[in-house]
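Input: a single structure, listed below in C-alpha cells.
The values are calculated or read from the model by the stated rules, or taken from the named source; none is laboratory data. Since the model is a prediction, treat every value here as computed from it, not as a measurement. Here the Cβ positions follow ideal geometry from the backbone for every residue, glycine too, while neighbour counts run over all protein chains shown. Ligands, DNA and RNA are excluded from the accessible area calculation, which covers all protein heavy atoms including side chains. Shrake-Rupley method; radii C 1.70, N 1.55, O 1.52, S 1.80 Å.
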Amino acid sequence: MRDRDLELYVHIPFCARKCAYCDFLSAPADEETRKAYVRALAAEIRGKKEEYKEYRVSTVFVGGGTPSILDGDDTARIFASLYESFRIRDNAEITMEVNPGTVTVEKLAAWKKAGINRLSIGLQSADDRELRLLGRIHTYKDFLETYEQARRAGFQNINIDLISAIPGQTLQSWETTLAKTADLEPQHISAYSLIVEEGTPFYDRYGQKENEESSGLLKRKQTEAWPPLPNEDEERWIYKRTKSFLEERGYHQYEISNYARPGYECRHNLGYWDRKEYLGLGLGASSLVNNRRFHNTADMDKYMKAFRTERSDTDIDKNIDKNIDKDIYEDVEELSLQDCMEEFMFLGLRKTDGISRTDFSDAFHSDINEIYGSQLKKLEKEGLLFLKDDRILLTERGTDVSNMVFVEFMF
Amino acid sequence: MSVIDQKKIRNFCIIAHIDHGKSTLADRIIEMTGLLTSREMQSQVLDNMDLERERGITIKAQAVRTIYKADDGEEYMFNLIDTPGHVDFNYEVSRSLAACDGAILVVDAAQGVEAQTLANVYLALDHDLDVMPVINKIDLPSADPERVKEEIEDVIGIDAEDAPLISAKTGQNVHEVLEQIVKKIPAPEGDPEAPLKALIFDSVYDSYKGVIVFCRIKEGTVKKGTPMLMMATGAQADVVEVGTFGAGQFIPCDELSAGMVGYITASLKNVHETRVGDTITNAERPCDEPLPGYKKVNPMVYCGMYPSDGAKYPDLRDALEKLQLNDAALQFEPETSAALGFGFRCGFLGLLHLEIIQERLEREYGLDLVTTAPSVIYKVHKTNGEIMDLTNPTNMPDPSEIEYMEEPMVKAEIMVTSEYIGAIMDLCQERRGIYQGMEYIEEKRAVLHYHLPLNEIIYDFFDALKSRSRGYASFDYEMLGYQRSELVKLDILINKEEVDALSFIVFEGSAYERGRKMCEKLKAEIPRQLFEIPIQAAIGSKIIARETVKAMRKDVLAKCYGGDISRKKKLLEKQKEGKKRMRQVGNVEIPQKAFMSVLKLDDD
C-alpha cells in the first residue's frame, strides 16, 4: 500500500506582545509557562505515533503566535519528538514562523539543526509608522537584521509576510513596502489584506461604523492617532497593484494572497487548498484526517491537564491515554460527500490555477456538471468564473467577490 | 371537587395597561393558590403559548382554574380568565369579560391610570363586572400609591380606599388580593336546571380531540352526550368530554353547570363551526335566545402574507385556518404577487394583532413569512358610480377611473403628562390629526382628543408616541368612519422593475417624503450585489425619489490561517443562509425584511 501523505501543523500560542489586529490564539507568557507548554506539546506529539504510523509527513509548519520566541532548546525538543513519532520525508518542507526582534544567531543554528528549511518572517510593512500602528514590536531595521542573519545562517527558502490596507496606508507607501521586500529577493511573499476581526483593538476602532460617527470630538481624535482604513476602491487598487508589481519582479500569484518564485510555492498552504490530510498539534490546532475536521481545545488549562507530567520526558509516554487525547478534540465534524464537494470548490478556487474537472470526478465519482452545472454556467455568465479546458478559475472580478462565488457552491 | 357549590366559585379576569403587571400577578395567584409549587411554576404561565402538556396538546392558556383555601377555612374555586390588554383586541377583551363576574384592575403605583386602563375599565363596567382595584409595583422607588389611589377614584370613579398595595414581583400583599377576590367578587348566578346557555370565549384546535371550546356556562348543565348547537353558526355535535382548566392542563370532569368555566370537546373537525362569542345550547332543549356575546368583527388593517418557501403555501393556509378558529377577527383570502408568489391577503384588527398572528405562524407553525406593508380599507368612488373597498394597493384602479377616495378615520384619546403635550401635538399634526380638544384630568395630566386617519397610526404611531413622551403617553382609539382624502399610489421600482409587494397608498401631501424615506430604507436593507441597483419611488410614471445601491466591489476573506477551514466555512454558510432569506425580483435579491421596511419609516 502506498504511504499516505500527512501535513503537520504545530501551534505555538505565545508572542512578545499582542498586535492590534491579531485575533489568533496567542498571548504573552512567562518562560515557565512556555517550557511547560513545550513539555505538554511534546507529550501530545508522542501520543500520535501509533495512530499515524502509516503516514509519511510531507510538510511541517510551526506557526503561532511567534514560534521564534521559544529558545533553541525548546524548539529542538519539539522537533526531537516529531522525528521520533512521525516518518518525515527527506524532502519535506519544514517551515518556522519568525518575527523580527525575537531571533538570535543561536536560535537560527538550532533551527537549522532541527531540520527547518524554510522561514516565514513577519514583516507586515516596511513603514515604521505603519508598524507602530499595527502594534508590532519591531522596526523595519530590526527586520532587515533578522533577514540578513537568516540568510547568513544558510536559510535559502524564505517567505516575507506583508499586510496591505493598513489604516493610513497609501498606494505609494504600499509600493515602497513591496519594493523594499522584493529587493531582498525572498523566495515567497504573502500579502494579506487586513481584516478587522472582532475582539481586537482594531475592531474597537474600525469595527463598527456607528461608533465612529458617534462623537465629532472622538472622531477627530481618532483621525490623528488612528488614520482611516483605505476604502474599498483603494483596497482593491492596492490588491491589484500588488499583483502587477510582484509579477514585474518575478513573483507569480498562485493563490488569492500568495506569490512565489517558480518552484517555491508553499507546499504546506497548497495542501490546505487541495484538501490534503493534515494534523494539528498544540493548543487550538485544526486537523483534517479521514474526512473529519476537528481542532484541539483552545483552553490552555485543559490542554495542559491532558498532557501534564511533573516528571521527566521519558515517563510521559506511559501517561498518555488515548481517551484523554480524544477529550481535547472539539467541534469534530464528519464531512459528508456534500461537505467535501463544497470544500473542494471554495478551497480549490482560491488557487490561481483553480480546480480541475478531472480531479473533481476522480474525488467524487461524478461529473462536476451534474453537481454544479447550473452554478458554473451562471457564474461564467456573470463574468466571475472562466472555464478553460479541464480547469475552472476565478476571473479577476470573481477574485474580488470570491465569497459571493463560493456561496453558490454551498448546499 | 366533584360537585361544586356555586357560591364557592369566583370567575374573574385581570385588566391592566401593558406592563402594569397583569401576567406577574396572574403567576402569583396561580402559585399562591397552591395548585402549582414554586418549583413547577414557570414564569408567566398565562402568556406562554408554547406549553406542551399532557398528550402533547398545546394549550393557549386562556383560563386557569385554581383552588384557594381562604382565611375563613373554606375552599374556593377561582377561574382566572385571561384578557388581551391591547386596544386592537377590544372585541376579544369584551368576550373574555363576558365570561367573568368580576375584574381585578391592576394599576402601576408609579405610572398611574393610563388611557388603556380607562378603556378596559369602561368595558368591564359595561359588562356589569365588579371592578376591584389593586395597586402594583409598590416596591419601585418611584411608587406613589396614595396619588394613584386618588387618581383611580377621581379619574375612573371607583372606590380605591381598600385597594391592596402589592408587589406582584415579590409577592408582597398578594394574599390580601386573594382574600378580596373571595369577599368582593360576586359568586356566579344561573340555574343549572334551565336550558343550556354557554358562551364561547375561546377555542383551540387539537388533532386528536378536534375543536376544544372554552366556555362559561350561564344557564343549565352540559355533560358527555349532550347534543349541542352553536346558535350563530348552526353547527351541531354531541359532547364527547367536558372538563376544567388546570394550570396548562385539561382536567376532565362529569359535567359543567351554571356558573362554571370549562371546556367542551365534540369532535368538531371544521374550524369554521365554532366562533368565539357564539352561544352553545342543547339542540333538544334550546334556550330562547343567544347571549349577546357574538358579533362579527371586521378587520381594520390588511396585509399580504407569503411563505418564504413557495412550497409552504398549503401549510400557511392550514395554519391560518387553525388560527382563525380562536380568532374570529382574522380573515384571509388567497392572492398572488409577481414578486412574492402565492400568499394570502389577511385582515386584522390592528397592527399588534397582525404582529401576534405573524409571530404565532412563525413560532407555533414553524413558517417563515414575508409580510407586506399593512394597508387600511380605502373606499374608491369610481367615475362610473361604483364604490370599491380597496385592501390591496395593487388593485387600485387607474387614476382616470377614480372620482374620489375616502379613508377611515379614528377618534383618538391620548393621555399625557403636561410637559409632553407640545411634542405629542406636533406628532398628531404630522400625522394629519385634527385637534378636537383637551382636558386636564389632574394638575399635570391631560387627555388630548384628536381625529386621525387610521393609515397614519397603523405603522408606528404607538412607538413614536412612546419615544416622544419618554414612555409617558398612552393612547386609545375607536373608529369614526370615512372621510374624503387626496390619496395616491406610490410604486417602488428596483432595478427599473416595479415591485408590486412594495406599493402602498399614501396621502398625496406626504408622498414625496414617504417615497424618499422608503428609498433610503430599501437602500439600507438591500445588500450590495454584483451590479449597481437603482431604487426609485414613482407616482404613476413620475419618479419622485431615487437611491442607488452601489455594486459590490470586494467580498474576500484573505486569511485562512493554520488550516482553520471550519471557521471560513461557517462564514460562507452564514452568507448562504442570508441568501436563502432573499427574494429574487428580476435579477436582484431582496431580503425579505425589506418588504416590511415601510413599517419603520418614521423611526428617526
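Quick look at the values:
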read-out: Hey, A:Glu54 of a type in the set (Asp, Glu), surrounded by fewer than 16 Cβ atoms within 10 Å (Cβ to Cβ) and touching a residue at least 40 places away in the same chain (Cβ under 8 Å) or not; value: yes
read-out: Hey, A:Phe86 surrounded by 19 or more Cβ atoms within 10 Å (Cβ to Cβ), touching a strand residue (DSSP E or B) at 6+ places or on another chain (Cβ under 8 Å), hydrophobic (A, V, I, L, M, F, W, C) and within 30 Å of A:Arg241 (Cα to Cα) or not; value: no
read-out: Any pair with Cβ under 6 angstrom, 6 or more apart, that starts in region A:259-281 at a residue that is facing another protein chain (nearest Cβ under 10 Å) and closer than 12 Å to A:Asn159 by Cα and ends at one that is among the hydrophobic types (A, V, I, L, M, F, W, C) and surrounded by fewer than 22 Cβ atoms within 10 Å (Cβ to Cβ); value: none
read-out: Matching residues, region A:400-411, being more than 7 Å from every other protein chain (Cβ to nearest Cβ) and either open to solvent by less than 10 Å² (accessible area, probe 1.4 Å) or within 22 Å of the chain's Cα centre (by Cα) (or both); value: A:Val405, A:Phe409
read-out: Residue in region B:399-412 that is within 24 Å of B:Ile539 (Cα to Cα), in a helix (DSSP H, G or I), hydroxyl-bearing (Ser, Thr, Tyr) and in contact with an Asp or Glu (Cβ under 6 Å, 6 or more places away or on another chain) present; value: no
read-out: Enumeration of residues in region B:496-522 that are within 14 Å of B:Pro393 (Cα to Cα) and assigned to a helix (DSSP H, G or I); value: B:Asp500, B:Ala501, B:Leu502
read-out: Residue list for region B:535-575, filter: open to solvent by 40 Å² or more (accessible area, probe 1.4 Å) and either in a helix (DSSP H, G or I) or facing chain A (nearest Cβ under 10 Å) (or both); value: B:Lys550, B:Arg553, B:Lys554, B:Lys559, B:Tyr561, B:Asp564, B:Arg567, B:Lys570, B:Leu571, B:Glu573, B:Lys574, B:Gln575
read-out: Total residues in region B:303-338, condition touching a Gly at 6+ places or on another chain (Cβ under 9 Å), among the hydrophobic types (A, V, I, L, M, F, W, C) and either in a strand (DSSP E or B) or within 21 Å of B:Glu497 (Cα to Cα) (or both); value: 3
read-out: Enumeration of residues in region B:463-493 that are out of contact with any Pro (no Cβ under 7 Å at 6 or more places or on another chain) and open to solvent by 40 Å² or more (accessible area, probe 1.4 Å); value: B:Asp463, B:Lys466, B:Ser467, B:Arg468, B:Arg470, B:Tyr472, B:Glu478, B:Leu480, B:Gln483, B:Arg484, B:Glu486
read-out: Subset of region B:359-387 that is charged (D, E, K, R) and within 18 Å of the chain's Cα centre (by Cα) - its residue that is least open to solvent (accessible area, probe 1.4 Å); value: B:Arg360
read-out: Residue match in region A:85-102 (condition: in contact with a Ser or Thr (Cβ under 8 Å, 6 or more places away or on another chain), in a helix (DSSP H, G or I), in the same structural domain as A:Ser193 (by TED's automatic domain parsing) and not aromatic (Phe, Trp, Tyr)); value: no
read-out: Selection status of A:Glu185, assigned to a helix (DSSP H, G or I), at pLDDT 85 or above and within 30 Å of A:Thr104 (Cα to Cα); value: no
read-out: Failed condition for B:Lys521, given (1) within 14 Å of chain A (Cβ to nearest Cβ); (2) open to solvent by 30 Å² or more (accessible area, probe 1.4 Å); (3) touching a residue at least 60 places away in the same chain (Cβ under 8 Å); (4) not small (Gly, Ala, Ser); value: (1)
read-out: Flag for B:Ala446 being touching a Lys or Arg at 6+ places or on another chain (Cβ under 8 Å), on the phi < 0 side of the Ramachandran plot and either in contact (Cβ under 8 Å) with a residue 24 or more places away in the chain or of a type in the set (D, E, K, R) (or both); value: no
read-out: Restricting region B:238-256 to residues that are assigned to a strand (DSSP E or B) and open to solvent by less than 20 Å² (accessible area, probe 1.4 Å), the residue that is modelled with the lowest pLDDT; value: B:Phe250
read-out: Residue pairs meeting the criteria (Cβ under 8 Å; at least 6 apart or on separate chains; first of a type in the set (Asp, Glu) and modelled with pLDDT under 90, in region A:3-32; second open to solvent by less than 40 Å² (accessible area, probe 1.4 Å) and part of a loop (DSSP other than H, G, I, E, B)); value: A:Asp23/A:Thr200
read-out: Matching residues, region B:112-160, being buried (at least 16 other Cβ atoms within 10 Å of the Cβ) and without any contact (Cβ under 8 Å) to a residue 24 or more places away in the chain; value: B:Leu125, B:Lys149
read-out: Count of region B:105-147 residues which are outside any helix (DSSP H, G or I) and touching a helix residue (DSSP H, G or I) at 6+ places or on another chain (Cβ under 7 Å); value: 16
read-out: Evaluation of A:Phe61 against (1) closer than 15 Å to A:Gly122 by Cβ; (2) outside any strand (DSSP E or B) (one fails), failing number; value: (2)
read-out: Count - residues of region B:341-358 that are free of Cβ contacts under 8 Å to residues at least 24 places away in the same chain and over 14 Å from the mean Cα position of the chain (by Cα); value: 0
read-out: Test: B:Arg216 is assigned to a strand (DSSP E or B) and basic (Lys, Arg); value: yes
read-out: Residue list for region A:1-25, filter: over 16 Å from A:Phe202 (Cα atoms) and small (Gly, Ala, Ser); value: A:Ala16
read-out: Residue among B:Glu355, B:Glu333 that alone is open to solvent by 10 Å² or more (accessible area, probe 1.4 Å) and under 23 Å from B:Ile457 (Cβ atoms); value: B:Glu355
read-out: Single match in A:Phe360, A:Phe364 (criterion: out of contact with any Leu (no Cβ under 9 Å at 6 or more places or on another chain), in contact (Cβ under 8 Å) with a residue 12 or more places away in the chain, under 25 Å from A:Leu335 (Cβ atoms) and of a type in the set (Phe, Trp, Tyr)); value: A:Phe360
read-out: Residue that is out of contact with any Cys (no Cβ under 6 Å at 6 or more places or on another chain), open to solvent by 60 Å² or more (accessible area, probe 1.4 Å) and either of a type in the set (D, E, K, R) or within 23 Å of B:Thr391 (Cα to Cα) (or both), where the choices are B:Asp500, B:Asp426, B:Asp460; value: B:Asp426
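For every residue, the table says whether it meets (1) part of a helix (DSSP H, G or I); (2) within 14 Å of chain B (Cβ to nearest Cβ).
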residue: A:Tyr21; (1), (2): no, yes
residue: A:Phe24; (1), (2): no, yes
residue: A:Arg34; (1), (2): yes, no
residue: A:Ala42; (1), (2): yes, no
residue: A:Lys49; (1), (2): no, no
residue: A:Arg56; (1), (2): no, no
